[in-house]
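Everything on this sheet refers to the single structure shown next.
The values are calculated or read from the model by the stated rules, or taken from the named source; none is laboratory data. A quick note: this is a predicted structure, and the numbers were derived from the prediction, not measured. Backbone-built Cβ (ideal geometry, glycine too); neighbour counts: all protein chains shown.
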Amino acid sequence: MAAKRNSPASKKCTSKIRRTTLGTSTPSLADFEESTFNFPKKKMDNSLYNQYEEKVRPCIDLIDSLRALGIEKELALPAIAVIGDQSSGKSSVLEALSGVTLPRGSGIVTRCPLELKLRKAKWGDAWSGTISYGTISRGLTMPLEVENAIIEAQDALAGKGSAISENLIRLEVYSPEVPDLTLIDLPGIARVAMMGQPKDIGNKIKLLITKFIKRQETINLVVVPSNVDIATTEALEMARQVDPSGERTLGILTKPDLVDKGTEKNVIDVVKNNTIPLKKGYMIVKCRGQQEIQQQLSLEEAIQKEAIFFEDHEYFSSLLLEGHATIPVLAERLTTELVEHINRHDSDQIASSHGWRPSSGPG
């Protein structure tokens, strides 16, 4: 094992971990424009992939190498759970990060917990997927099949209509353009039972959400529309109950285009962590709306429109310049969290198992 200590993978991993900490740099508008508009087209559709490959992949490669040398214990990597009220925009955030189109619409859309496992394939391999629920498992050959496959799975588990189910849907996606990462979409928080739903559906949804977000390896993205009073947001309170120190919670404001005139400064105060402080702070993003989806606006075009929106906004342009806005910057923040988790937890497990610790000196 001693030889592995100074391997190129180990040096690259620990070096990048040391250089990657929240708040170490603020992207300029020119830097943001370059990163957003000049990506190769194949990689534009998945912002998280680009950041992940640069910063997290060397660490994963190191862990995989160590496993191959005899580490049998799986080193848990974090999942990212997206929670919020119904129609808060949480599924939009998840699909923007993953590049996978999920069911969208009004009312209850996410009716079962969805575990989305992204698995990196070799460059040049074709996209493929597998959806599993209950005793059913079937393959998918095109990304366009995902949305209908999820709807069919929800209908099978929860019945048609607006009922929910605690049964998990597992969707695995294999593509050269995704990272090895697990994302979790959960039903939106409901306060009033709709026709066909049990009266205690609100409590059932909360128990289901808590089951996932209380896990220590889960990073919780709390999604709140920008035009809603954050002090009344139940999702944020739920996250604080299971993560009182805020180590695993990041606030995400959505739908900034719906903010009433005259209330923009309130939104800025939230994003700058001056209203309800979180240790990890807040981000603000603008994802595809229902009309844009119906107009078949691609995820790539949505990222470009999002950048233009924040650049041109009288108030929110400052948030872009300060590194608090857009999906690509959110992707950067999430990869930072993943690197910190690997450095904090998995490196300790590796060190204790094999009697060494990655160097903290210059890489």
Using the structure shown, decide if residue 149 is in contact with a Phe, Trp or Tyr (Cβ under 9 Å, 6 or more places away or on another chain) and small (Gly, Ala, Ser).
no
Residue pairs within 8 Å by beta carbon, gap of at least six or interchain, first lying in region 86-105 and on the phi > 0 side of the Ramachandran plot and in contact (Cβ under 8 Å) with a residue 60 or more places away in the chain, second in a loop (DSSP other than H, G, I, E, B) and of a type in the set (Asp, Glu), listed first then second, are 99/45; 99/177
Does region 62-69 contain at least one residue that is of a type in the set (D, E, K, R), modelled with pLDDT under 90, farther than 23 Å from residue 234 by Cβ and loosely packed, with under 15 Cβ neighbours inside 10 Å?
yes
Quick check, is residue 237 within 18 Å of residue 276 (Cα to Cα), acidic (Asp, Glu) and part of a loop (DSSP other than H, G, I, E, B)?
no
Scope region 147-197; condition charged (D, E, K, R) and either in contact (Cβ under 8 Å) with a residue 60 or more places away in the chain or closer than 21 Å to residue 82 by Cα (or both); matching residues:
147, 166, 170, 172, 177, 180, 185, 191
Where in region 304-363 are the helices (runs of 4 or more DSSP H), entirely inside, with at least 1 residues that are at pLDDT 85 or above?
317-321, 327-341
Of everything in region 260-299, what is over 17 Å from residue 220 (Cβ atoms), touching a helix residue (DSSP H, G or I) at 6+ places or on another chain (Cβ under 6 Å) and either in a loop (DSSP other than H, G, I, E, B) or in contact (Cβ under 8 Å) with a residue 60 or more places away in the chain (or both)? Give them in sequence order.
275, 286, 287, 288
Mind listing whichever residues of region 148-199 are at pLDDT 80 or above and farther than 25 Å from residue 98 by Cβ?
159, 160
State yes or no: is residue 236 among the hydrophobic types (A, V, I, L, M, F, W, C), at pLDDT below 95 and within 19 Å of residue 86 (Cβ to Cβ)?
yes
